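**Q** Let me give you the structure first, and then I'll get to my questions.
The values are calculated or read from the model by the stated rules, or taken from the named source; none is laboratory data. Since this is a predicted model, take the numbers as computed values, not measurements. Please note: Cβ atoms are built from the backbone with ideal geometry, for glycine as well, and neighbour counts cover all protein chains shown. Areas reflect the complete protein model, heavy atoms only, side chains present, ligands, DNA and RNA absent. Shrake-Rupley method; radii C 1.70, N 1.55, O 1.52, S 1.80 Å.
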Amino acid sequence: MIIKALLWKEFKSLTKNIKSKVVMAIGTIIFIYLLLFIRLHTSDFSISVYRYNINYMTVILGYLMFISNLRFWYEKNMNMLETLFIMPTKLYVIIIGKMILPILISVSLSVIFYFLSTGIGWIVFKSSIFSFITLFEILLISVVFQIFYSIINCYAMWCASLAYAKVIQFISVMLYMGSVFTMFVIPTNFSLYNSLGTWIVMAIIGVYAAICYSRINKEKAMNTLSI
């Protein structure tokens, strides 16, 4: 019941500017395709290169949609944390309730982008890039990262110092602004899921997220400065 209430609250908050969010999502997808078109014309224009790039950009799109809808800062900025914390539930339930909707939006748009790209690939190359296993891998790594990052963001926005929160905000913005352009620096045959470096980074982020979670508490959140 509490989760439903939190989801409804997040849904109402996110839908206040639904038109701008839809336009942003469509614009982001079009921009990704534009960059992909440029990338394919500066490298081997083949179905395999297209497949690797689409797999990678599906992850990136998921991150962009996730971070643009993650709102741990909202209650703190609006001095509404006390209202949130008086709900008769555990803190972890509140955190889960805050992260579920951004993750669902991210997953939904990632799936739409992947299917759309599969159709475009079929039209251009007369061959399919679709794979249930690949799509599952993409969604798995995206969701795991988003859970970790939600916890880190929650700690930064609710319990950390103002300086630390600003650093996390800056990193988020830089990743948001520049992540799509990483398409031009990754190898054409790069596989995010099968890269050892990916899982090392994920493990480090996971450990740090666990540390951040251990430091989140209602009292500290109420006593820190508003950002």
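**Q** Would you confirm whether any residue within region 79-92 is among the aromatic types (F, W, Y), touching a Pro at 6+ places or on another chain (Cβ under 7 Å) and under 21 Å from I152 (Cα atoms)? Break it down stepwise before answering.
**A** To start, the set of residues in region 79-92 that are among the aromatic types (F, W, Y) comprises 85, 92.
Keeping just the survivors that are touching a Pro at 6+ places or on another chain (Cβ under 7 Å) gives none.
Scanning region 79-92, I find no residue that is among the aromatic types (F, W, Y), touching a Pro at 6+ places or on another chain (Cβ under 7 Å) and under 21 Å from I152 (Cα atoms), so the answer is no.
**Q** Now a separate question. Can you confirm whether region 101-114 contains a residue that is open to solvent by 60 Å² or more (accessible area, probe 1.4 Å) and either under 25 Å from N217 (Cα atoms) or of a type outside the set (S, T, Y) (or both)?
**A** yes
**Q** Let me ask another. Which number in (1) of a type in the set (D, E, K, R); (2) over 18 Å from the mean Cα position of the chain (by Cα); (3) surrounded by 14 or more Cβ atoms within 10 Å (Cβ to Cβ) marks the one condition that E10 misses?
**A** Failed condition: (2).
**Q** Does L40 fit the bill of being open to solvent by less than 20 Å² (accessible area, probe 1.4 Å), under 24 Å from I141 (Cβ atoms) and free of Cβ contacts under 8 Å to residues at least 40 places away in the same chain?
**A** Yes: the conditions hold for L40.
**Q** Right, here's the next one. Quick check on region 120-130. Is at least one of its residues in a loop (DSSP other than H, G, I, E, B), at pLDDT below 95, more than 17 Å from L6 (Cα to Cα) and within 19 Å of the chain's Cα centre (by Cα)?
**A** No, that holds for no residue.
**Q** Let me ask something else. Which residues, counting only those in region 78-99, are open to solvent by less than 50 Å² (accessible area, probe 1.4 Å) and either at pLDDT 95 or above or assigned to a helix (DSSP H, G or I) (or both)?
**A** L81, L84, F85, L91, V93, I94, I95, G97, K98, M99
**Q** Among the residues of region 54-70, is there at least one that is among the aliphatic types (A, V, I, L, M), more than 16 Å from S13 (Cβ to Cβ) and either in a loop (DSSP other than H, G, I, E, B) or free of Cβ contacts under 8 Å to residues at least 40 places away in the same chain (or both)?
**A** no
**Q** When you check S127 against the structure, is it of a type outside the set (A, V, I, L, M, F, W, C), open to solvent by 10 Å² or more (accessible area, probe 1.4 Å) and in contact with a helix residue (DSSP H, G or I) (Cβ under 8 Å, 6 or more places away or on another chain), yes or no?
**A** When the stated conditions are applied, S127 passes them.
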